[in-house]
Amino acid sequence: MKKRLIILSGLLLLVAGGFGLWKLNKDFLLLWNSNSIYVTASSPLVVDKVKIEFGIGVNTINRSTDSDLFSHRKKYTVVYDGKAKDRMINDYGENDFLITYNNEYYFSFRQFKFNRRHQHNYNFHFFQKDTILFIRADIQGQDAMKFERPMLKINLADKYRCNVPVDNAGVIYNMIELVDPDRK
C-alpha cells in the first residue's frame, strides 16, 4: 500500500512538474519555441488561400510604396500557406508580417517584441463585409496586439505605404496605428 502511494505521488509530481514547465515555457522560452499560428475564415473565404510570411526587420517603414514588400519576399519565411509550415523564428525586435489572400489581397504589419523569450499565439481570422475582405488579428502573449482592418488589392500596392494611401501616409510606424485604431 505504501509503495502504491509513493508511486502515485511521484506520478502526480511528474505531471504537475510537466504542466508547470510547459506553462513556464509558453510564457518565457526555456526549452522549445512554442509560438503558434491559428487561421480561420468565414464563408465564402477559405484558409487554403491564406499565406503568411514572417521576417525580422525585413521591410522598412521608409519604403516608397507597399509594392516594395513584394520585391523583398525572399527575405521572409513562409509560416502558413493553407496550413502551418515553417516555425517562426523566435527573436525580439521588429517582427514583420506579410499576409496575402489568394495572391490578390494583402496586409502587412509589424509586431514589436521586447524579449526573445516571449511566446505568442497568433490568431488570424478572415471575413468579408459586403465585398471588402477583412483580417482580424488577435495576438496573445506579452507583446499582445488586436486589430481588424480591410485587406488591400495587391495590384494597387503602389498606391499605398504601410496600408495607408501614399498621399495620406504622413508619419507611419506600421505598428502603433494598429494598437490604437481611433488615433488619427
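If amide H atoms are built 1.01 Å from N in the plane of the peptide, which residues on other chains or at least 5 residues away come under 5 Å of the amide H of GLN119?
So GLN119 has HN proximity to LEU29, GLN142.
Sorted from largest down, give the three principal axis spans of the alpha carbons of the range 74-149, whole angstrom values.
That works out to 40, 26, 19 Å along the principal axes.
Net charge near GLU94: determine it from the other residues with C-beta under 10 Å of the C-beta of GLU94, scoring Lys and Arg +1 and Asp and Glu -1.
Once positives and negatives cancel, what remains is 0.
Net charge near SER9: determine it from the other residues with C-beta under 12 Å of the C-beta of SER9, scoring Lys and Arg +1 and Asp and Glu -1.
Neighbour charge sum, excluding SER9 itself: +3.
Read the figures in this text as sums done on the coordinates, not as results from a lab. Note that the structure is predicted; figures quoted are calculated from it, not measured. Positions of Cβ are generated from backbone atoms using ideal geometry, with glycine treated the same way; all protein chains shown enter the neighbour counts.
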